[in-house]
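Visitor: This structure is in structure tokens; I'll ask about it shortly.
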Amino acid sequence: KSKESGKSNYHIYTSSMNIQTYKTFSLESGLRNAIELNQFEFYYQPKVCSRTNQIVGVEALIRWNHPEWGLLSPDEFIPLAEEIGLIAEIGKWVKYQACSQNKAWQDAGLPAIPISINISPLRFLEKNLVKNIISVLEETKLDPEYLEIEITETSVLENEKVVLSTLDELKSIGVRISLDDFGTGYSSLSYLKLFKGRINALKIDRSFIKDLSEKDPDGSNFITKTIIELAQHLKMNVVAEGVENTEQLQILKHYNCETIQGYLFSKPVPADEFAVLLGKGKIEVSGNHAHDTKN
Ligand code: C2E
Ligand code: MG
Ligand code: MG
Ligand code: MG
């Protein structure tokens, strides 16, 4: 009997308030206090040299430890944060946390590598961005060459003049820039001319990497190879995102893609686990087996 009534309660609940509506409501109200309550956390994913297997960089990826909904990925709350005007505050946390964590690893004697953070397209156009970055670098005492900003093509389309001058200012202070999710945006190739000398690296989007295979049924290999050559001509570094297996790795090595990021080497991991990886310096991948999938 009690089972029955439980069931009908559930029906009343779902019909009066859709679970997704409730979640959005709950996230929106929680987001306002998430920084104060220390609920954000970075997970760190290594960027690995394809020749030496050495860790050459790290990307800091934000997570929200939500008391009710668990560990939330950025796709679940960054768009919401943008919508309700909290992205600037989160951005401040992101910059400070990444720089101070990287400095802490260096102070602990671990190899010095650049840390990348992702900047929302809208934020990239704000005029105090560079000023904020300079003050965070001063506050945390991190050398600017160990900070990298990842932006997407969308952010560079909006206002060419502002974007180019921001890129130049960042370059002049010594911060690196990479173009994230390359190949998925709407920018034309002519933009690349403007980026030459201003952007340090292109990150080939996972949608191309995912379909790499010996047979190349859809042209992903050819597109990937072309992006790598393009980057080399423009004197940019190139990073393959989302590399999950050794077949993809072999193809990328064959095309001379210098940097690899993906589950094959490591999923994004908490700070203490990343420190262990960085301490070892190299990550070996075992044979043809998919990398361990715990976490
Ligand atoms: P992104 O910058 O392109 O980051 C790469 C995403 O791919 C990450 O998802 C990462 O966990 C995932 N990934 C890495 N290797 C693999 C792989 O081998 N296979 C698969 N299937 N996925 C892989 P995540 O952490 O969920 O982040 C999603 C997006 O959220 C990021 O895309 C970035 O655009 C944004 N984001 C992350 N952190 C921040 C942040 O602090 N601020 C802002 N504004 N956006 C952020
Ligand atoms: Mg990124
Ligand atoms: Mg990406
Ligand atoms: Mg992305």
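Visitor: Give ILE149, ILE115 a once-over and let me know the one that is among the β-branched types (Val, Ile, Thr), touching a residue at least 40 places away in the same chain (Cβ under 8 Å), farther than 20 Å from GLY85 by Cα and within 16 Å of ligand 3 (Cβ to nearest atom). Give the steps one after another, and end with the answer.
Guide: Values: ILE149 fails: touching a residue at least 40 places away in the same chain (Cβ under 8 Å).
The conditions single out ILE115.
Visitor: Determine which single condition ASP75 fails, assuming it passes every other condition in (1) under 28 Å from GLU138 (Cβ atoms); (2) under 20 Å from the mean Cα position of the chain (by Cα); (3) not in a strand (DSSP E or B).
Guide: (1)
Visitor: Residue check: is GLU139 in contact (Cβ under 8 Å) with a residue 40 or more places away in the chain, more than 16 Å from ligand 2 (Cβ to nearest atom) and assigned to a helix (DSSP H, G or I)?
Guide: Numbers: in contact (Cβ under 8 Å) with a residue 40 or more places away in the chain: yes; more than 16 Å from ligand 2 (Cβ to nearest atom): yes; assigned to a helix (DSSP H, G or I): yes.
So GLU139 passes the test.
Visitor: Further question: Could we say that THR246 is among the hydroxyl-bearing types (Ser, Thr, Tyr), in contact with a Gly (Cβ under 8 Å, 6 or more places away or on another chain) and touching a residue at least 60 places away in the same chain (Cβ under 8 Å) here?
Guide: On the way: among the hydroxyl-bearing types (Ser, Thr, Tyr): yes; in contact with a Gly (Cβ under 8 Å, 6 or more places away or on another chain): yes; touching a residue at least 60 places away in the same chain (Cβ under 8 Å): no.
So THR246 fails the test.
Visitor: Scanning for something of a type in the set (Val, Ile, Thr), touching a Phe, Trp or Tyr at 6+ places or on another chain (Cβ under 9 Å) and away from ligand 3 (no atom under 16 Å from the Cβ), does the range 135-144 turn up at least one residue?
Guide: Step one: filter the range 135-144 for residues of a type in the set (Val, Ile, Thr), giving 136, 140.
From the residues that got through so far, the ones that are touching a Phe, Trp or Tyr at 6+ places or on another chain (Cβ under 9 Å) too are 136, 140.
Going one step further and asking which of them are away from ligand 3 (no atom under 16 Å from the Cβ), we end up with 136, 140.
Scanning the range 135-144 turns up at least one residue that is of a type in the set (Val, Ile, Thr), touching a Phe, Trp or Tyr at 6+ places or on another chain (Cβ under 9 Å) and away from ligand 3 (no atom under 16 Å from the Cβ).
Visitor: Does LYS47 satisfy the criteria of being of a type in the set (D, E, K, R) and either modelled with pLDDT under 85 or more than 25 Å from ALA275 (Cα to Cα) (or both)?
Guide: No, not satisfied.
Visitor: Output the residues belonging to the range 225-255 that are within 18 Å of the chain's Cα centre (by Cα) and among the acidic types (Asp, Glu). Don't jump to the end; show me each part of the working.
Guide: Initially, the range 225-255 is screened for residues within 18 Å of the chain's Cα centre (by Cα), giving 237-244.
Scanning the range 225-255 gives GLU241, GLU244.
Visitor: Scan the range 79-102 for residues that are assigned to a helix (DSSP H, G or I) and over 19 Å from the mean Cα position of the chain (by Cα) and report the count.
Guide: 1
Visitor: Residue by residue through the range 30-72, note down the ones that are within 15 Å of the chain's Cα centre (by Cα) and surrounded by fewer than 16 Cβ atoms within 10 Å (Cβ to Cβ).
Guide: Matches in the range 30-72: GLU41 only.
Visitor: Hey, another quick one. Which of (1) buried (at least 19 other Cβ atoms within 10 Å of the Cβ); (2) modelled with pLDDT of 95 or more; (3) within 16 Å of ligand 4 (Cβ to nearest atom) is the odd one out, the single condition ILE119 does not satisfy?
Guide: It fails just one condition, (2).
Visitor: So which residues in the range 205-255 are among the aliphatic types (A, V, I, L, M) and in a strand (DSSP E or B)? Write out each step before concluding.
Guide: Initially, the range 205-255 is screened for residues among the aliphatic types (A, V, I, L, M), giving 209, 212, 223, 227-228, 230-231, 234, 236, 238-240, 243, 249, 251-252.
Across the range 205-255, the qualifying residues are VAL238, VAL239, ALA240.
The values are calculated or read from the model by the stated rules, or taken from the named source; none is laboratory data. Keep in mind the model is a prediction, meaning the values are calculated, not measured. Cβ sites come from the backbone with ideal geometry, for glycine too, and all protein chains shown count toward neighbours.
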